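Notes to accompany the following structure.
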Amino acid sequence: MNTNGNSYPDPLDRNALTSLSHGDVLRHFQVSAQGLNSDDAAARLQWYGLNTIKAPRKHPLLKFLSFFWGPIAWMIEAAAILSAAVHNIDDLVIILVLLVFNAVVGFWQEYQADNAIEQLKKQLAVKSRVRRDGVWTEIDAQHLVPGDSVNIRLGDIVPADIFLTSGDYLSIDQSALTGESLPVDKKIDELVFSGSVAKQGEMDGVVVATGTATYFGKTAKLVGAAQPVSHFQKAVLTIGDYLIFTSLALVAVLILVGLERHLPLMELIQFALILTVASIPVAMPAVLSVTMAVGATTLAKLKAIVSRLEAIEELAGMDILCSDKTGTLTQNKLTLGEVATFNGADTDAVILSAALASETDSPDAIDTAILQGLSDSSALSAYQKNAFVPFDPVQKRSEASISHATQGPFKVSKGAPQVIQALCQADAKTCEQLEQTVDRFAAAGFRALGVARTDAAGRWRLLGLLSLYDPPREDAKQTLLEAQQHGVQVKMVTGDNIAIAKQICGELGLGQHIVLADQLAGSGSDKHLILEQADGYAQVFPEHKYQLVKQLQADGHLVGMTGDGVNDAPALKQADVGIAVTGATDAARAAADLVLTAPGLSVIITAIEEARRIFERMNAYAIYRITETIRVMLFMVTAILVYNSYPITAVMIILLALLNDIPILTIAKDNTHLPAKPVHWEMRRVLTVATVLGVVGVFETFLLLIVAKNHFHIGVDELRTIIFLKLAIAGHLTLFVARTKHCFLTSPHPAPILLLAIFGTQIVAMLIASQGWFVTPISWQSIGLIWGYCLFWMGIEDGLKLLVYRHLDHSLPGRQRFLATVGESMHLHFHRRP
């Protein structure tokens with residue numbers, strides 16, 4: 001009971017803990033080192049709340065109302081006010097419908113996107129090892145409460161403010177919180193902050209603060225990092241700016257001409273506002289967010305969770321993938337092979353010492369293989385483990401202090417052969433023998449592990465070498481072949497020596513041009529060629545991965561990097577696509593853009609395919625949106641310049657905007673062609689195709705206007721309805737043309753939801769034209785003729801689109817062949833001269 005009369009003690013901050021020991025802290029929270037029981041933990045969770053720092057969320061009503069505020073909304077509202085001022089009730093009603101429609105669509109799409117992202121975040125929730133009911137278990141970190149006894153070890157993100165109570169040492173990276181550039185060592189009776197990362201060691205502690213009561217929670221604004229704008233976002237913003245400025249320029253021409261020709265000022269301003277609103281890509285943010293969110297949800301179902309939505313674009317354009325060997329290309333199911341003994345040790349003694357230097361409670365793949373290799377698993381019970389230092393990527397060995405009833409105290413260690421060799425200070429003859437054995441194991445594809453033990457005088461003595469074999473995954477070779485077919489070079493990255501790397505690469509069909517890690521730190525103009533042409537990299541430390549990524553990026557590649565350890569985090573963060581593989585530490589998962597929940601590379605290949613489909617949908621949307629802006633804006637302004645009258649009314653423009661926005665929102669779920677190679681934004685291609693389609697659209701609409709006006713002598717009001725229906729039909733048919741680089745009749749065919757949206761809006765458009773809703777009615781015969789006319793031009797547009805793509809695809813290679821031919825001719829000419 002505290003001074004406030006609460007049922008549970010207050011959390012403790014770093015100031016309150018300065019003079020306290022871990023015994024004092026345990027007494028404060030009324031717990032023991034054995035932790036809480038389930039009932040007490042549940043009650044405390046009810047009292048303290050979840051261990052989360054939730055961003056402030058706007059009330060749904062306020063969020064909905066925010067869609068009525070902003071430049072686009074202001075323009076629509078200004079048009080509504082002008083309509084009311086001139087007593088044009090029909091225009092006013094339709095404008096208000098457009099305003100509410102935009103708000104509802106924007107609110108709903110943003111809600112869907114946010115909901116999808118929240119679901120993904122739940123799948124990436126940090127886990128924590130906690131002692132409940134006297135048993136160590138793993139729970140979501142958000143369910144931790146003050147008083148919980150937790151375990152922190154290499155690779156963990158510290159889940160709460162924790163006061164250390166037992167263990168040897170812990171090295172913590174808290175640079176994101178305190179600005180310290182180097183990890184700091186922590187010991188018993190010291191505090192580690194929520195959000196910091198365990199770099200080495202392992203210790204237990206008691207939770208003293210959770211959620212907003214933590215140091216991280218109180219200073220969250222200092223550690224929030226703004227995400228840089230991705231290539232994808234830049235491209236979409238560029239398209240949006242292009243459309244906006246194009247629309248404004250044409251509207252400016254319209255207003256100047258209208259003023260010169262003495263058109264009614266209020267009517268002119270209203271029409272200009274409505275035309276601008278209809279042409280500006282109001283739906284673009286919604287289409288972007290929904291397409292990304294839908295794609296991310298699909299990837300999650302495929303066992304690849306996206307932690308940064310914009311990474312989908314980088315994944316679609318990735319052309320080099322640096323893949324870890326162990327567990328990704330291989331099965332990570334190590335088998336103990338031959339044992340080479342030294343200094344008179346026998347095989348059983350070497351394996352027993354290696355087992356004593358292993359983690360028995362939660363063994364990794366190496367520890368499991370060694371423990372399974374014991375001839376008598378009960379032999380370990382005769383030994384007492386007094387202290388244990390787990391393996392870490394820097395020291396590259398583990399160590400245990402052991403005591404035995406008759407043998408007395410001693411230490412054992414296992415790790416990389418070169419590290420164990422240096423630990424034992426072996427003589428030249430032993431070193432040579434060890435190196436020859438390691439090479440012999442490696443030539444057969446086996447990994448070597450050194451084992452040492454201290455003698456009675458406390459000196460380290462080399463006992464032997466264990467050979468471990470990790471066979472390639474059954475699907476790895478086929479997956480690598482598929483990656484190459486997708487235009488992605490896969491380069492194996494391993495800490496093993498060059499012989500093992502060559503052996504595995506050979507089995508996987510990757511090639512055997514292996515580069516040693518020390519070449520990554522070299523210099524010279526040919527360094528980038530060495531790295532690009534390599535099939536793999538051997539004897540790689542985590543810091544080498546970071547250098548490798550930066551060098552390949554400097555050479556113009558979009559690089560993916562897989563990893564699972566805390567020291568892989570810098571490389572994963574630097575990579576265009578950082579990929580945390582199955583079983584990765586919390587630190588690696590936090591740094592990665594893509595988190596795999598299934599083993600192997602096949603998940604990545606599936607993710608690449610889906611990312612490219614998502615990219616193609618956005619590319620199709622960009623072409624369609626630019627085409628429609630050119631088609632509507634250029635036609636309207638040109639028609640007014642030629643005929644000095646509006647070819648369609650303001651109401652018709654608003655109706656067109658409504659009819660166009662509904663189908664385009666379904667493009668996020670459209671079927672699309674799978675590009676064979678990495679994709680990236682080619683603005684020249686997008687603008688060229690869109691401009692051709694847009695100009696053709698202007699020509700065909702003008703042709704219809706001329707024929708209907710001059711040859712059939714149709715009245716002005718009916719003519720406007722014909723042009724309105726033609727623009728509505730042709731716009732949606734253009735979407736069929738723009739959505740693929742191939743003939744629109746070939747597969748993949750439009751998704752049912754897209755067809756349903758288009759056909760539904762077309763039925764509405766035809767009913768508007770035939771029934772005279774807000775327009776002058778026309779006959780069904782006229783509607784049928786307009787459909788035939790639009791279908792005829794759809795075929796012409798598709799043919800021109802194919803010609804443009806063919807020209808763009810071959811213009812650069814063709815130019816290169818022409819220059820090569822000219823160069824060869826000149827070479828022959830000058831060499832034939834006497």
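The values are calculated or read from the model by the stated rules, or taken from the named source; none is laboratory data. In this text the structure is predicted, and so the values were computed from the model without any measurement. Virtual Cβ from ideal backbone geometry, glycine too; neighbours counted across all protein chains shown.
Observations
- Filter result for the condition that a residue is at pLDDT 85 or above, among the acidic types (Asp, Glu) and touching a Lys or Arg at 6+ places or on another chain (Cβ under 7 Å), over ASP535, ASP496, ASP475: ASP535
- Selection from the range 586-607 of residues that are hydrophobic (A, V, I, L, M, F, W, C) and outside any loop (DSSP other than H, G, I, E, B): ALA587, ALA588, ALA590, ALA591, LEU594, VAL595, LEU596, VAL603, ILE604, ILE605, ALA607
- Residues within the range 604-643 that are among the charged types (D, E, K, R) and free of Cβ contacts under 8 Å to residues at least 60 places away in the same chain, tallied: 0
- Looking across the range 529-555, the residues that are in contact with a His (Cβ under 6 Å, 6 or more places away or on another chain) and surrounded by 18 or more Cβ atoms within 10 Å (Cβ to Cβ) come down to ALA534, ASP535.
- Within the range 326-344, restricting attention to residues that are modelled with pLDDT under 85 and closer than 17 Å to ILE579 by Cα, the residue that is surrounded by the most Cβ atoms within 10 Å (Cβ to Cβ) is THR328.
- Residue, farthest from the chain's Cα centre (by Cα), within the range 179-224, restricted to residues that are surrounded by fewer than 17 Cβ atoms within 10 Å (Cβ to Cβ) and modelled with pLDDT of 85 or more: ASP189
- Qualifying residue in the range 119-129 (condition: within 16 Å of LEU50 (Cα to Cα), surrounded by fewer than 19 Cβ atoms within 10 Å (Cβ to Cβ), at pLDDT below 90 and among the small types (Gly, Ala, Ser)): yes
- Restricting attention to the range 625-672, the residues that are farther than 22 Å from LEU693 by Cα and part of a loop (DSSP other than H, G, I, E, B) total 4.
- Any hit, the range 325-344, residues being among the hydroxyl-bearing types (Ser, Thr, Tyr) and assigned to a helix (DSSP H, G or I): no
- Flag if ALA422 is over 23 Å from THR330 (Cβ atoms) and modelled with pLDDT under 90: no
- Checking ALA575 against (1) small (Gly, Ala, Ser); (2) surrounded by fewer than 24 Cβ atoms within 10 Å (Cβ to Cβ); (3) modelled with pLDDT of 85 or more, the condition it does not meet: (2)
- The conditions of being among the hydroxyl-bearing types (Ser, Thr, Tyr), touching a Leu at 6+ places or on another chain (Cβ under 6 Å) and either under 16 Å from ILE351 (Cβ atoms) or surrounded by 14 or more Cβ atoms within 10 Å (Cβ to Cβ) (or both) are met by THR437.
- Yes/no for LEU275 being in contact with a strand residue (DSSP E or B) (Cβ under 8 Å, 6 or more places away or on another chain), under 26 Å from ILE664 (Cβ atoms) and either crowded, with 20+ Cβ neighbours inside 10 Å or modelled with pLDDT of 85 or more (or both): no
- On inspection, ALA757 does not qualify as touching a Leu at 6+ places or on another chain (Cβ under 6 Å) and surrounded by 13 or more Cβ atoms within 10 Å (Cβ to Cβ).
- Residue list for the range 389-419, filter: aromatic (Phe, Trp, Tyr) and modelled with pLDDT under 90: PHE391
- Qualifying residues in the range 4-21 (those that are modelled with pLDDT under 80 and surrounded by 13 or more Cβ atoms within 10 Å (Cβ to Cβ)) - the one nearest to THR210 (Cα to Cα): ASP13
- Members of the range 771-803 that are in a helix (DSSP H, G or I), surrounded by fewer than 18 Cβ atoms within 10 Å (Cβ to Cβ) and among the small types (Gly, Ala, Ser): GLY784, GLY788, GLY795, GLY799
- Within the range 395-420, the set of residues being closer than 19 Å to ASN343 by Cα and under 42 Å from the mean Cα position of the chain (by Cα) comprises SER413, LYS414, GLY415, ALA416, PRO417, GLN418, VAL419, ILE420.
Conditions tested, residue by residue: (1) part of a helix (DSSP H, G or I); (2) crowded, with 21+ Cβ neighbours inside 10 Å; (3) modelled with pLDDT of 90 or more.
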residue	(1), (2), (3)
LEU674	no, no, yes
HIS732	yes, yes, yes
VAL737	yes, yes, yes
PRO748	no, no, yes
ILE763	yes, no, yes
ALA769	yes, yes, yes
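- Across the range 704-761, the qualifying residues are those that are closer than 22 Å to PHE615 by Cα and among the aromatic types (Phe, Trp, Tyr), and the one among them that is farthest from the chain's Cα centre (by Cα) is PHE744.
- Any hit, the range 419-434, residues being assigned to a loop (DSSP other than H, G, I, E, B) and touching a residue at least 60 places away in the same chain (Cβ under 8 Å): no
Residue by residue, here is whether (1) among the aliphatic types (A, V, I, L, M); (2) modelled with pLDDT of 90 or more; (3) part of a loop (DSSP other than H, G, I, E, B) holds:
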{"position": "ARG131", "(1), (2), (3)": "no, yes, no"}
{"position": "THR137", "(1), (2), (3)": "no, yes, no"}
{"position": "GLY147", "(1), (2), (3)": "no, yes, yes"}
{"position": "VAL150", "(1), (2), (3)": "yes, yes, no"}
{"position": "GLY155", "(1), (2), (3)": "no, no, yes"}
{"position": "ILE162", "(1), (2), (3)": "yes, yes, no"}
{"position": "GLY167", "(1), (2), (3)": "no, no, no"}
{"position": "ILE172", "(1), (2), (3)": "yes, no, no"}
{"position": "LEU177", "(1), (2), (3)": "yes, no, no"}
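- Every condition in (1) of a type outside the set (D, E, K, R); (2) over 26 Å from LYS333 (Cα atoms); (3) surrounded by fewer than 21 Cβ atoms within 10 Å (Cβ to Cβ); (4) touching a residue at least 24 places away in the same chain (Cβ under 8 Å) holds for ALA598 except the one numbered (2).
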